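To keep things clear, I will list the structure first and then write my remarks on it.
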């Protein structure tokens, strides 16, 4: 890799490069978060987004709105209260038994109606299966712009939302705007934004909105829900210690060295995208922009070069250690400590060294 | 219902494309099978493309073929650890309307060539490997079996353009598998640099190009060669040695390449470059003596699969495409006379090859591979050291009288190789060259 | 039954190789491939076709070279391929793309019958937005079912489909009426290897090529740059941090280097030692 960072500027030739907001959009105000409530549980990404929304709203001098939608008595009131605790000023509450299970049609109808009535200028959703399923159909219904998997959200002087995300290939970032359409929509993956402080006892306004939904007009029926067995879950996204391996390990078999170290540290293990593409590990172990974003206290990357799409998935870690023979690998731009040695030889030594330091008398967990 | 074509061409490299194109243009139905994901995905070359031979197949290729630079300068270097002694030839005459040699990037060139082939009417199946040749009761080849379901297909003649490793021909016993002494393993990297930097470093403008070919201690006594070719925005840098030598010495191709790149004469040329591609390939080195039987009942073999590579002059792709063209022309002659594709009738192909530069050149150099190989330490270690010392001696002005310097040099040569050795080497080299 | 599968030709970012000496990733000029997620949808469509009879039409919007992706799709066993290509589509974001593809699907319906299911890939490896599928569904007023892990079955007579969809913490078992739009999860159905006959047919096939006008798209303001509400204003390399990572000195014995690393680690984060002990003892 050459030393100087390439700063390429795309030649913008779009006609609508300037902000010329049509009159009817000027009334759109406030920053909204779609609160992802399913089976009584709010996905934490909603609160991470609430924190972001708070920052954006403060800059714009507007309010933070939370769209809370679900069946009555299925956690909607609790979700509303929590929304205030995490920074919302207003909760737009829609309770309807037809919203009990997530279905694209009912939720799209509800959210677009809320938008059309209350007119937010910015609408944020978590980039989860639900959020992505919903965001695309809402954006198309509203014929507005949607930027997916943003790693950074900011507001320009002209009050436009600047949504930054990695471009294809992962070596560059790009900032995308929806200048002349409202609401400006964006999705953000879980753990990309930090969890904000929860303010117990904070209150706000609740706007109850009644929606007319007819079950007969909704084509999708939820026949049942099969919960995952808890053993299937990997806690990678929320682990405090993560060890990950990349192509530098030269073979899927060597990922067991990563697992061994993770075991000794009481943490989780993961890998870079190319490893998943090569079939060395299942997709849920993928760390990076299109895999899991992690915010551990300690992240050890073994044999990972650190393409942008990986780096944005781990930047939030408190301490990053990179084991990589290439002293110019991009991962060193975000790592705090580095060891320029072959990971395959070093990992076992590191595992033993940690074992001696932190649990010299404890029994090891069974290898995962 | 088994599909039937006039010809099946196995392989979409230089030889295969040349054959398929020529056959299709002459109106034959052609099925081309390529095991790679796309035509060119399995091909690796320096690469230098020889216009004369391509002109005979696609006369106006310059209109749209992706060509990097046309070559105006050639540097031959003999290197030891710290120096190189070179002979350069640079001529403005090479800046002609229809230049004679170009550097190309195979992945792009092959894509273009394959497009031409398909436009000519060839049906190309990629990701399809021919597993075995099919023969009738009389031992004549009647088609191939591929690795796709129900993958049997018949043809009057099969053109084996399957490359140096070609398993189809060896499996069918049509030729022996390549021996380690007759193949070289070469590795290559693409080093990306801004166009202006390449032009400044190599003293070229516009589309002019330079080739550096180097022998010497860089191959650690093994028969081998290193090279740098200038492309528009990158340099192709590579090294190759005989497989048998690698096996004997335990050296690795990329180890040699790293040393080559670190050489004080080479390193400055690559300074600041971004390495973006790394590839390796086998190159036939056996020369004339390794060329197998070129045709049989219902089959012909062309290109690297037939060891048609002139390692001394580093010419391979032109021999490949010429053999493909000539084989296609022979097949057409048989077909248009409504004859059967027997070995006797297809003999037009080897006969035409004998009359062409291909076999004439290979025949001329038939003893060179053996000579270089058995004497590799002399040619690739001893002489480069001697030459380097002689040159340094000559150029270092240190008050030593010239006559003394000259005697020292002559003495060094005599002492190291002996008069007998020197004469023998000279004679052998001259003989092998002629 | 008629199935329309939307695919996209993308650069193959997976063709990353590791340099054997420096162990660095080689990021070279990459060839194009069919977006891998699309293949799961294509296979699912073909399986349904094999089961119930009918045809699979593959559709893509792209430059003329996208024909390669379509031919590859035919090699896998699709029956028909349509290329929507026009300079007016250049610069389309996902909204403009779904507009054009939806219109092309209407045209396909006119020519070869309305599709029972429109399949799209879960997301592309170059855009990653997962927006085009939902966009098409909305514009064609098709019921939208994404993140489908399994198509349980189709009841032709009832015009219904039963599927399993991945949600947070579990799987929804859903039923829907046909027609609908479906995006399949990776791993749901491995793409088959086309037979020799499929490969030959693909090599011989005439790819139906439509310009915007051929597809009946008259409102060019909804296409390309002008039809895209999002605009990329800046492309940049992330500014490198001022201080690079501190390199731990390599000692002859790996174990010594490891200890040096752990020392530096605990130096930088004194609380880490206790934290790790807690975690290690935790389970």
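Observations on the model:
- Any hit, segment A:254-272, residues being within 9 Å of chain C (Cβ to nearest Cβ), farther than 22 Å from residue C:265 by Cβ and surrounded by fewer than 24 Cβ atoms within 10 Å (Cβ to Cβ): no
- Residue A:79 fulfils the conditions (1) surrounded by fewer than 24 Cβ atoms within 10 Å (Cβ to Cβ); (2) under 26 Å from residue A:222 (Cβ atoms); (3) modelled with pLDDT of 95 or more; (4) more than 21 Å from the chain's Cα centre (by Cα) except for a single criterion, (4).
- Residue within segment A:197-206 that is within 11 Å of chain C (Cβ to nearest Cβ) and touching a helix residue (DSSP H, G or I) at 6+ places or on another chain (Cβ under 8 Å) present: no
- When we screen A:368, A:313 for residues that are more than 8 Å from chain C (Cβ to nearest Cβ), modelled with pLDDT under 90 and in contact with a helix residue (DSSP H, G or I) (Cβ under 8 Å, 6 or more places away or on another chain), the only hit is A:368.
- Filter result for residue C:281 (within 14 Å of chain A (Cβ to nearest Cβ), exposed (fewer than 15 other Cβ atoms within 10 Å of the Cβ), over 30 Å from residue A:262 (Cβ atoms) and modelled with pLDDT under 85): no
- Test result for residue C:96, farther than 29 Å from residue A:144 by Cα, buried (at least 23 other Cβ atoms within 10 Å of the Cβ) and in contact (Cβ under 8 Å) with a residue 40 or more places away in the chain: no
- Listed by position, the strands (runs of 3 or more DSSP E) enclosed by segment C:168-246 that each have at least 2 residues that are facing chain A (nearest Cβ under 7 Å) and farther than 30 Å from residue A:104 by Cα are C:230-236.
- Here residue B:324 fulfils each of the conditions (1) at pLDDT 90 or above; (2) assigned to a helix (DSSP H, G or I); (3) outside the structural domain of residue B:303 (by TED's automatic domain parsing) apart from (3).
- Restricting attention to segment B:38-79, the residues that are touching a strand residue (DSSP E or B) at 6+ places or on another chain (Cβ under 6 Å) and more than 20 Å from residue B:207 (Cα to Cα) add up to 5.
- Taken over segment B:383-434, the criterion of being at pLDDT 85 or above, at negative phi and not in a helix (DSSP H, G or I) is satisfied by B:396, B:397, B:398, B:400, B:401.
- Residues in segment C:110-141 that are in a strand (DSSP E or B) and more than 11 Å from chain A (Cβ to nearest Cβ): C:117, C:118, C:119, C:121.
- So residue C:81, is it out of contact with any helix residue (DSSP H, G or I) (no Cβ under 8 Å at 6 or more places or on another chain), within 26 Å of residue C:199 (Cα to Cα) and either part of a helix (DSSP H, G or I) or at pLDDT 95 or above (or both): no
- Put simply, of A:128, A:187, A:164 the only residue that is in contact (Cβ under 8 Å) with a residue 40 or more places away in the chain and more than 7 Å from chain C (Cβ to nearest Cβ) is A:187.
A quick yes/no check of all residues on (1) touching a helix residue (DSSP H, G or I) at 6+ places or on another chain (Cβ under 6 Å); (2) at pLDDT below 95; (3) over 24 Å from residue B:245 (Cα atoms):
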position	(1), (2), (3)
B:297	yes, no, yes
B:312	yes, yes, no
B:319	yes, no, yes
B:345	yes, no, yes
B:353	yes, no, yes
B:374	no, yes, no
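- Answer from B:332, B:380 - the residue that is in a helix (DSSP H, G or I), under 29 Å from the mean Cα position of the chain (by Cα), surrounded by 15 or more Cβ atoms within 10 Å (Cβ to Cβ) and modelled with pLDDT under 90: B:380
- The set of residues in segment C:30-57 that are farther than 17 Å from residue B:127 by Cβ and in a strand (DSSP E or B) comprises C:55, C:56, C:57.
- Qualifying residue in segment B:394-411 (condition: surrounded by fewer than 17 Cβ atoms within 10 Å (Cβ to Cβ), within 20 Å of residue B:265 (Cα to Cα) and touching a helix residue (DSSP H, G or I) at 6+ places or on another chain (Cβ under 8 Å)): yes
- Scanning segment C:216-245 for residues that are more than 30 Å from residue A:184 (Cα to Cα) and surrounded by 15 or more Cβ atoms within 10 Å (Cβ to Cβ) yields a count of 2.
- Residues located in segment B:149-167, provided they are farther than 15 Å from residue B:128 by Cβ and within 14 Å of another protein chain (Cβ to nearest Cβ): B:154
- Meets criteria (modelled with pLDDT of 95 or more, touching a helix residue (DSSP H, G or I) at 6+ places or on another chain (Cβ under 9 Å), surrounded by 24 or more Cβ atoms within 10 Å (Cβ to Cβ) and under 26 Å from residue C:192 (Cβ atoms)) for residue C:119: yes
- Residue within segment A:136-143 that is in contact (Cβ under 8 Å) with a residue 40 or more places away in the chain, facing chain C (nearest Cβ under 9 Å) and crowded, with 24+ Cβ neighbours inside 10 Å present: yes
Residue-wise test of (1) assigned to a helix (DSSP H, G or I); (2) modelled with pLDDT of 90 or more.
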{"site": "B:221", "(1), (2)": "no, no"}
{"site": "B:240", "(1), (2)": "no, yes"}
{"site": "B:260", "(1), (2)": "yes, yes"}
{"site": "B:292", "(1), (2)": "no, yes"}
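- Looking across segment C:156-165, the residues that are farther than 12 Å from residue C:188 by Cβ, more than 9 Å from every other protein chain (Cβ to nearest Cβ) and either exposed (fewer than 12 other Cβ atoms within 10 Å of the Cβ) or touching a strand residue (DSSP E or B) at 6+ places or on another chain (Cβ under 7 Å) (or both) come down to C:157, C:158, C:159, C:160, C:161.
- Within segment A:288-312, the set of residues being under 15 Å from residue C:128 (Cβ atoms) and under 12 Å from the mean Cα position of the chain (by Cα) comprises A:288, A:289, A:290, A:291, A:292, A:293, A:312.
- Boolean, residue B:305 is part of a helix (DSSP H, G or I) and touching a helix residue (DSSP H, G or I) at 6+ places or on another chain (Cβ under 8 Å): yes
- Condition met for residue A:123 (within 14 Å of chain C (Cβ to nearest Cβ) and touching a strand residue (DSSP E or B) at 6+ places or on another chain (Cβ under 8 Å)): yes
- Every residue from segment B:110-134 that is more than 12 Å from chain C (Cβ to nearest Cβ), surrounded by fewer than 19 Cβ atoms within 10 Å (Cβ to Cβ) and in contact (Cβ under 8 Å) with a residue 40 or more places away in the chain: B:120, B:132
The values are calculated or read from the model by the stated rules, or taken from the named source; none is laboratory data. Predicted model, so just to flag it, every value in this text is computed and none were measured. All Cβ positions, even for glycine, are placed from backbone atoms using ideal geometry, and neighbour counts span all protein chains on display.
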